[in-house]
Every structure is written in structure tokens, then in C-alpha cells.
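Some notes on the structure that comes next.
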Amino acid sequence: MKTLHNQTDEIAGKFLGKKVSGCDVYNPELLVAVPRAENRERYEIHQGRLPFLGFDVWHAYEFSAMCENGLPVTRVMKLKYNCDNDFLVESKSLKLYLNSFNMSKFGASTSDCLQICKRLIEKDLSEKLQTDVQVNFLDDSTVRVEIFSQFKNIMNFVDEGNLHIETFKETPELIEVEKGELQKEYYLTFDSLRSNCRVTHQPDFGDAFIYYKSKNHIKETSLVKYLSSFRSEYHFHEECCEMIYKRLYDLLDTDDELFVSALYTRRGGIDISPARWSNNCCKNFAEELIDLTKFARCGIKQ
């Protein structure tokens, strides 16, 4: 009997390691939706009462289609959808789907082409993921914003000479918290996050951004050890972000503020930038990250 874990991996692996036909012309059948439930259940994240708000944000750096006269049109595409739906889109299927636009012709002009592509992509993804998906195309005039400028490298608060990291499977017991009397704000970034695709086992690298406001202090050395423990974990990017959030959420008080984002480097021309935050969290940085009119990158290695 197949477990839910095996079923999820089988769904996600539909196209992985295979030669796929039907990619030369526009083909929405290439999209694959992966259920979020399996990983959330394992980490006691309940779909009906999620402990966070958030979005999954994607940047496709190599989107291209053609006008009816054969003129190529190429843009960076940004898309987002809410994390409260039941599905995420499998990344290779999205790459295949977007590549199916490459030799397809839409509209009499560049602007017509982009508008038609926008409508098609929003429609196809919204139907596949059963949620509202929003798309925009970015060009040289797009506003580029520094969204995490107040975040400090966590290694500034760690004695590297006395640091010993030996655990490389996700281990929440590594996190140490000390109680304080006053509520404080912490803005931390870790630039060496690594996890692995749960299906292909290919490594994925990114930057983690963590903000919290609490009387509790998460010891930075312990947090570095915990984030490093993802190095041999096999999960989708969205899952890693939610796992980090949930582990920290469980150690903070219910009225504390918490924000976690994982900005992964692009692979195959696409990056994934999930963000999760508490209901009471001041999320100005999140708002700029998910703004479809802005190219919001900070400290990310491309």
C-alpha cells in the first residue's frame, strides 16, 4: 500500500528524469499540482487553522513567447499565490509549461502578446492549483527594491571559532531559547541555507530571513545549527520555509510576531521565494516581496 508520502513523491515526479513530448507549443496539460497536506500533517500544521499567513512567489527569468509575426518577446515573469490553498505547483512542470510558450504565437504586438500570455497563465495555474494566481511581467523599468536592508547576518552574533556543527538532518531540539523581561525585535539572515529536492535529491541553496518580536531570545548559535541541519533534508522550498516557521512558532509565545522567508537561488531559470508570517506581524518586507510590480531581491545569490 502506498503511503501519502510516496503518493506525493509520485505526483511530483511525473516528469522528472523523463523526455517529455508536447513542449513545443502552448500546453497547459504539462502543469502538475502537488498537495501540501502530507508535509503539513507531519509537522502538525493543520490546513484548517494555519499558524501563518503567506505567499509563494516565483520568478521565471527566461519567459519567452512570440508575436504573430514571429517577433520574440522575452521578460522576467513574477507570479504569486496564497499559501492557504491545498496545492503548490511542481517546479519542473512549471518550467515545461512556460517553455511551451517559446514557439507559440500570440497577438499582433509585444503588449498584446504579454497580455494574452498573462491571461492564459493566470487562468491555467488558478484552475490547476484551485486558487487565485496572479502574474506580471517585469522589464528594465521595473522598480527594484531593497526589502531586507534592516536584517543582519546571523554570523555577526556567533563565535565562529567555538562553533561545532555535527547534525545535518532537520533537528528542532538544536534550537535554544532564553527568557527575557522585555520584548525585543530581531532581524536575522542566514546566507548558507541548503536543502535538497525531495524527488531528484538535487541541492538547492538560498538565504533565510527571520524576523521575530518577543521576550524570548532564540540563541543565534543554536539557530545557525538548526538552519544548517537542513543540509541533508529532502523537501520542497515551500515545505522548508513552513518547517522553519513552525519550529520557531512553537517556541515563541502566541502573541509574538514572527516572519520567515526563504529566498532560493534559481535553478532552470526559475526561483521560488516562499514567505510566511504570523497574523499580528508587521510585514512591510513581505508586502514588497509579493508586490507583482516590484523586482524584490536582496542579498540573494544569482
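We did not get these values from a lab; they are worked out from the coordinates using the rules stated. Keep in mind that what you see is a predicted model, and the values were worked out from it rather than measured. Every residue, glycine as well, gets a Cβ built from its backbone with ideal geometry; the counts of neighbours run over all protein chains shown.
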How big is the range 180-222 by the Kirkwood estimate over distinct Cα pairs, in Å?
12.5
Computed over the chain, the relative contact order (Cα-Cα under 8 Å, seq sep at least six) in percent reads 20
Against the longest principal axis of the chain, how steep is helix 110-129, in degrees 0 to 90 to the nearest 10, with axes from Cα atoms?
60
Percent of alpha-carbon pairs separated by more than 21 Å within the range 4-144:
47
Ratio of Rg to Rh over the range 146-296 (Cα coordinates, Kirkwood Rh, two decimals):
0.95
Taking θ = phi - 60°, what integer Hz values does the Karplus form 6.51 cos²θ - 1.76 cosθ + 1.60 yield along the range 265-273, in sequence order, with x for Gly and Pro?
6, 7, 9, x, x, 10, 10, 10, 10
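Where does the chain land on Rg(C-alpha)/(2.2 N^0.38 Å)?
That works out to 1.04 for the chain.
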Which whole-number percent is the relative contact order of the range 4-144 (Cα, under 8 Å, 6+ apart)?
29
Considering the options 97, 25, 285, tell which one lies farthest towards the positive end of the dipole of the chain, charges being +1 on Lys and Arg and -1 on Asp and Glu at the Cβ, about the Cα centre.
25
